[in-house]
Amino acid sequence: MTGSTVDIPDHLVPAETSPAAALWLVQAVSGLLLVALLALHMVAHHFVVEGGLREFRDVVAYISNPAIFWIEIIFLFVVTVHALLGLRAIGLDLAPGPTGRRVMDVALSLAGAGTLVYGIWLLITLRQM
Amino acid sequence: MTSLKSAKSPSSAPLRAWFDVRGRRLGGWAFALNRLSGLGLTLYLFLHLFVLRLLLQGEASWDAFIALARSPLFLTLDVILLAGLLIHGLNGVRVTLVGLGVAARQHRTLFWILMTAAALLLLAGGWRIFTI
Amino acid sequence: MSTQSIVLRVARYKQGDPAPHMEEFTVEADRRTTILTALQEIRRTLDRTLALRHSCHHASCGTCGMVVNGREVLACVTPALEEAAGRVAVTVEPMQNAPLLTDLVVDMDPFYEKYNAAGMAYLRRSEHLAAADLPAGLAAFTRFENCLECGLCVSTCPIMGSDPTYLGPAALAAANRALEEPRDRDAAAVFRLVDRQAGCWRCHVAMECTAVCPSNVDPAGGIMALRQKVLRRRFGRLFRTAAD
């Protein structure tokens with residue numbers, strides 16, 4: 001049997017280009033970045049200061065450093081993207097159907113946006129303290 | 001009534017399909033571990049972000065929390081968190097590499113190398129968490 | 001040859017039953033007895049209503065796939081005494097992730113709908129005789145593709161267990177082979193089939209498919225090779241567009 005005579009059933013062919021490849025790459029790259037960013041975060045907040053964890057003044061002083069401020073924002077963005085794409089992958093494995101997928105994507109996008117807004121606002125407010 | 005692996009009810013099928021590792025090999029175990037640790041870490045992420053709001057309540061509130069967080073129970077939870085991060089992170093490196101066809105036939109060896117590194121880092125990190 | 005009694009706990013289900021149930025049968029087995037011959041013995045002498053599929057009896061047709069002691073195997077090449085060793089009974093169940101028809105028989109139609117869509121030809125170039133001289137009149141040595149279409153890889157895949165829309169390891173491995181030897185197959189159609197969420201990007205690298213494959217298909221390797229092809233094609237398009 002040669003392949004050219006085989007028709008693919010309609011429901012197996014997507015209507016438009018899928019973002020699946022791009023999202024997989026984003027998940028992979030964000031994960032690899034997190035290995036470094038999380039190592040940095042854990043060391044900075046557990047292994048550097050006397051007693052391990054940073055008290056209030058140590059936190060404010062730490063965040064006041066512009067480089068640290070921007071690294072924390074990047075870290076927040078990367079970890080939020082990775083976590084929510086991970087939840088999305090698990091959600092997709094539950095075969096939610098087209099409507100369920102749309103609801104899930106909207107909910108996760110809103111959760112992601114909300115997390116970023118909250119986190120950035122927190123960092124900015126801390127810097128001003 | 002018998003619950004066959006093949007005759008699953010829709011509601012229990014996903015959990016059983018992902019986490020019933022009886023008869024599975026290393027790859028299946030690693031998949032289940034990554035999925036569980038990922039869910040745990042996501043939960044922790046939002047909990048952590050929520051707790052950080054104490055910083056906005058001022059020095060007294062945050063420092064009171066830090067005093068609690070330095071208790072043996074919380075430090076133990078920190079070590080468990082570290083374990084989750086190392087397992088998920090390093091196995092994730094394996095998933096990325098193998099997922100693109102790099103070292104796919106050696107995925108078991110890769111798993112053990114990375115998990116050995118995770119164990120060593122966990123020992124070092126755990127010791128540091130309790131002694132700093 | 002010495003024989004010993006072994007117990008098989010076999011899944012039973014007939015259309016109209018409220019749910020499957022297990023039944024135990026005791027059969028005599030020797031070192032040549034396979035799970036398949038033990039089941040046939042049950043059918044011949046103990047219960048003629050036991051339904052199962054089998055054909056070649058030497059692991060080349062893929063018909064007798066089932067789950068024995070929790071692992072996907074071809075029953076015709078699975079030694080019964082080895083499975084019974086250290087156990088009260090050998091558990092025999094139908095394959096997973098396929099609709100159950102009766103007893104140990106599952107509906108393979110969903111499997112074939114996806115598998116056939118990949119359009120893989122049954123014959124392929126043979127890589128084993130590359131150095132040999134071709135006989136007169138023969139353009140190239142060919143052989144059958146490795147895949148037996150047994151469905152064991154689909155049965156063991158954790159994602160197939162929760163999402164029946166996932167193409168699955170068999171169809172994806174077949175799609176990879178169709179791209180490696182497209183002949184007159186439309187490669188763009190194969191890429192459209194696999195380059196999507198329910199295609200090659202759904203795999204979570206559990207590697208169980210390759211572990212259970214009885215025929216050296218390496219479905220997981222096929223999925224990863226497919227991803228490489230997809231990425232090369234996508235990035236190639238990106239560079240061509242940028243250059244225009």
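The values are calculated or read from the model by the stated rules, or taken from the named source; none is laboratory data. Note that the structure is a prediction, hence the values are computed from the model and not measured. Here the Cβ positions follow ideal geometry from the backbone for every residue, glycine too, while neighbour counts run over all protein chains shown.
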TODO: Could you pull out the residue among C:C213, C:C203 that is crowded, with 23+ Cβ neighbours inside 10 Å, within 14 Å of chain B (Cβ to nearest Cβ), under 25 Å from A:P98 (Cα atoms) and of a type outside the set (S, T, Y)?
DONE: C:C203
Task: Count - residues of the stretch C:10-30 that are of a type outside the set (F, W, Y), touching a residue at least 40 places away in the same chain (Cβ under 8 Å) and over 11 Å from C:I42 (Cα atoms) - done: 8
TODO: Would you check if A:R101 is at pLDDT below 95, part of a loop (DSSP other than H, G, I, E, B), surrounded by 15 or more Cβ atoms within 10 Å (Cβ to Cβ) and not small (G, A, S)?
DONE: no
- [ ] Could you check the stretch B:13-132 for helices (runs of 4 or more DSSP H) lying wholly inside it with 2 or more residues that are within 22 Å of A:Y62 (Cβ to Cβ)?
- [x] B:26-51, B:59-69, B:72-99, B:107-131
Task: Contacts under 6 angstrom Cβ, first residue in the stretch C:195-220 being closer than 18 Å to A:A89 by Cβ, partner of a type in the set (D, E, K, R), 6 or more apart - done: C:C200/C:R227
Open item on the list: For A:A44, only one of the following conditions fails: (1) at pLDDT below 95; (2) under 21 Å from the mean Cα position of the chain (by Cα); (3) within 10 Å of another protein chain (Cβ to nearest Cβ). What is its number?
Closed with: (3)
Open item on the list: Could you tell me how many of the residues in the stretch C:18-40 are over 25 Å from the mean Cα position of the chain (by Cα) and either over 22 Å from C:R87 (Cα atoms) or surrounded by 17 or more Cβ atoms within 10 Å (Cβ to Cβ) (or both)?
Closed with: 5
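Okay, residues lined up against (1) more than 30 Å from C:T165 (Cα to Cα); (2) among the basic types (K, R):
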site: A:R54; (1), (2): yes, yes
site: A:F75; (1), (2): yes, no
site: A:H82; (1), (2): no, no
site: A:I90; (1), (2): no, no
site: A:T115; (1), (2): yes, no
TODO: Considering only residues that are of a type in the set (A, V, I, L, M) and within 14 Å of chain A (Cβ to nearest Cβ), look in the stretch C:71-126 and name the one that is farthest from C:L138 (Cα to Cα).
DONE: C:A117
Open item on the list: Taking the conditions exactly as written (part of a helix (DSSP H, G or I), surrounded by 14 or more Cβ atoms within 10 Å (Cβ to Cβ) and at pLDDT below 95), does A:H11 satisfy them or not?
Closed with: no
- [ ] Return yes or no: is C:S162 out of contact with any Leu (no Cβ under 9 Å at 6 or more places or on another chain), polar (S, T, N, Q) and either under 21 Å from B:N34 (Cβ atoms) or within 11 Å of chain B (Cβ to nearest Cβ) (or both)?
- [x] no
Open item on the list: Just to verify a result, which residue in the stretch A:75-112, among those that are β-branched (V, I, T), more than 9 Å from every other protein chain (Cβ to nearest Cβ) and in contact (Cβ under 8 Å) with a residue 40 or more places away in the chain, is nearest to A:W24 (Cα to Cα)?
Closed with: A:V81
TODO: State whether one or more residues within the stretch A:27-40 are more than 10 Å from every other protein chain (Cβ to nearest Cβ), buried (at least 17 other Cβ atoms within 10 Å of the Cβ), closer than 30 Å to B:A64 by Cα and among the hydrophobic types (A, V, I, L, M, F, W, C).
DONE: yes
Task: Single match in A:T115, A:T125 (criterion: facing chain B (nearest Cβ under 9 Å) and either surrounded by fewer than 15 Cβ atoms within 10 Å (Cβ to Cβ) or basic (K, R) (or both)) - done: A:T125
TODO: Could you check, for the stretch C:132-141, whether at least one of its residues is under 29 Å from C:I35 (Cα atoms) and either in contact (Cβ under 8 Å) with a residue 60 or more places away in the chain or surrounded by fewer than 21 Cβ atoms within 10 Å (Cβ to Cβ) (or both)?
DONE: no
TODO: May I ask you to verify whether B:L68 is of a type in the set (A, V, I, L, M) and modelled with pLDDT of 95 or more?
DONE: no
Task: Those residues of the stretch B:94-112 which are of a type in the set (A, V, I, L, M) and either facing chain C (nearest Cβ under 7 Å) or out of contact with any Lys or Arg (no Cβ under 9 Å at 6 or more places or on another chain) (or both), in sequence order - done: B:V95, B:L97, B:V98, B:L100, B:V102, B:A104
- [ ] Go through B:L73, B:L41 for me and flag whichever is buried (at least 18 other Cβ atoms within 10 Å of the Cβ), among the hydrophobic types (A, V, I, L, M, F, W, C) and within 20 Å of the chain's Cα centre (by Cα).
- [x] B:L41
